[in-house]
Amino acid sequence: MGCRLPSGGGTIRPGAMPWKNRWIGNPVLTFIGRFFFKCPAHDFHCGLRGYTRESFETMDLQTTGMEFATEMVIKATLKGLKMTEVPVTLSKDGRSRPPHLKPWRDGWRHLRFMLLFSPRWLFLIPGILLFALGACLSVALCVQDIQVGSITLNVGTLAVSCMTAIVGFQLVAFAFFTKVFAIAEGLLPEDPKLTNVLKFFTLEKGILVSLAVFLAGIILLGRAMWSWGQVHFGLLPSMEDNLRRLIPAAALVVLGIQGIFSSFFMSALGLKTKTRKPPAV
């Protein structure tokens, strides 16, 4: 890999690179690539590259657009290929025609590709954080209000925290969907950790756990209906107490339904064909 940036020993001569590429595009995309994929390159998008035929075949590149260049660096890193960086000097373009690249549009294409290539950072980690935060707050608010200084968190916050947990769960599911699809299509290499997880959390186990969550929600809904029936379906003496049952009940029903159909969808993504080789699901 060539490196034009000074961080890797390269040199950029005056006027050789637009300021937005020099100070925003290349440094930011390189930082993300190094952070997400532990790539050693200091200039993620330098076009000067050399590789052996064996290495090229090992990378098994799939994309056909400009993402091809990004996929090459990511896969070389993920597959453990030896990568050496060579400092280069970037001189001012001597061509008469303007460059065909569009910095903002093309930069977004590369960023989007890196995000899609890293379900862990795009979906999994945000999803786990949101689900944990929402679930913990929901459990606490189901019992009583929470006082934070002069602010009181009550059933309104309970509704938001349940929503947060649902969103977090869906993001975690998306992380698994994306990872399985990417491995099946040859975009990402096999992941032994994911394979072990999927072998343990089978379709049947996913359905059973989701059914248990769904039934817990139904029971809470039944309890709320019973409390309403005690006053002959009129006005409740404490609407807030009933909402502490209704809101978590609705969230559990939604999570249960999401879990059931997510398990089926994961199983569908895991189907093997002559051309697709997903991890064991």
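The values are calculated or read from the model by the stated rules, or taken from the named source; none is laboratory data. Being a predicted model, the structure only gives us computed values, none of them experimental. Cβ sites come from the backbone with ideal geometry, for glycine too, and all protein chains shown count toward neighbours.
Just a few scattered comments:
- For R109, the criteria (1) in contact (Cβ under 8 Å) with a residue 40 or more places away in the chain; (2) over 23 Å from P14 (Cα atoms); (3) in a loop (DSSP other than H, G, I, E, B) hold in every case but one, which is (3).
- Restricting attention to the stretch 29-48, the residues being among the charged types (D, E, K, R), surrounded by 14 or more Cβ atoms within 10 Å (Cβ to Cβ) and assigned to a loop (DSSP other than H, G, I, E, B) number 1.
- Options A159, A182: the member that is surrounded by 17 or more Cβ atoms within 10 Å (Cβ to Cβ), within 24 Å of K277 (Cα to Cα), touching a residue at least 60 places away in the same chain (Cβ under 8 Å) and not basic (K, R): A182
- Qualifying residues in the stretch 137-156 (those that are in a helix (DSSP H, G or I) and touching a Ser or Thr at 6+ places or on another chain (Cβ under 7 Å)) - the one surrounded by the fewest Cβ atoms within 10 Å (Cβ to Cβ): L137
- A search for C-beta distances below 8 Å between a residue of the stretch 43-61 that is small (G, A, S) and any residue that is part of a helix (DSSP H, G or I) and surrounded by 10 or more Cβ atoms within 10 Å (Cβ to Cβ), counting only pairs 6+ apart in sequence or on different chains, returns G47/A69; S55/A76.
- Set side by side, the residues M66, M72 differ, and just one is surrounded by 11 or more Cβ atoms within 10 Å (Cβ to Cβ) and at pLDDT 85 or above, which is M72.
- Residue list for the stretch 23-36, filter: of a type outside the set (S, T, Y) and under 22 Å from P6 (Cβ atoms): W23, I24, G25, N26, P27, V28, L29, F31, I32, G33, R34, F35
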